[in-house]
């Protein structure tokens, strides 16, 4: 695993844990869970060098942020 992959893995794991904590302790909104799953898939794909898992996680995260900030859904 290269240095860049290790940094991306650490960032994805930290963001995943932050969103899981937000889901558990601050309202149990489905948006936090979706973002946590997306970041977890990105971390898993980075760790296993699986481009499909990383891509699917990135798509989930982008859709989650889009729904949260631009569409202003109440789920988030």
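For this structure, a couple of remarks:
- Between 0 and 90 degrees, the angle of helix 30-47 with respect to the longest Cα principal axis of the chain falls at about 0 degrees.
- The angle between the Cα long axis of helix 51-65 and the longest principal axis of the Cα atoms of the chain comes to about 20 degrees, rounded to the nearest 10.
- Degrees between helix 3-25 axis and first principal axis of the chain (Cα, 0 to 90, nearest 10): 20
- Report summary: the helix-based calculation at 222 nm, which adds -39500 (n - 2.57) for every DSSP H run with n ≥ 4 and divides by the residues of the chain, gives -25000 deg cm²/dmol.
- log10 of Debye I(q)/I(0), alpha-carbon scatterers only, for segment 3-70 at 0.11, 0.14 Å⁻¹: -0.24, -0.38
- Between residue 30 and residue 59, the simple spin-label model (points 7 angstrom out along Cα→Cβ) gives 1.9 nm.
- Build a GNM of the chain with springs between Cα atoms under 10 Å apart, and of 57, 38, 27 the one that fluctuates most is 27.
- For the chain, averaging the sequence separation of C-alpha pairs within contact (under 8 Å, six or more residues apart) and dividing by the residue count gives a relative contact order of 29 percent.
- Fluctuation leader among 18, 34, 61 - the chain, Gaussian network, Cα springs under 10 angstrom: 18
Values quoted throughout were computed directly from the atomic coordinates according to the rules given, and no laboratory measurement underlies them. Since we're looking at a predicted model, the values are computed, not measured. As a convention, Cβ positions derive from the backbone with ideal geometry for all residues, glycine included, and neighbour counts pool all protein chains shown.
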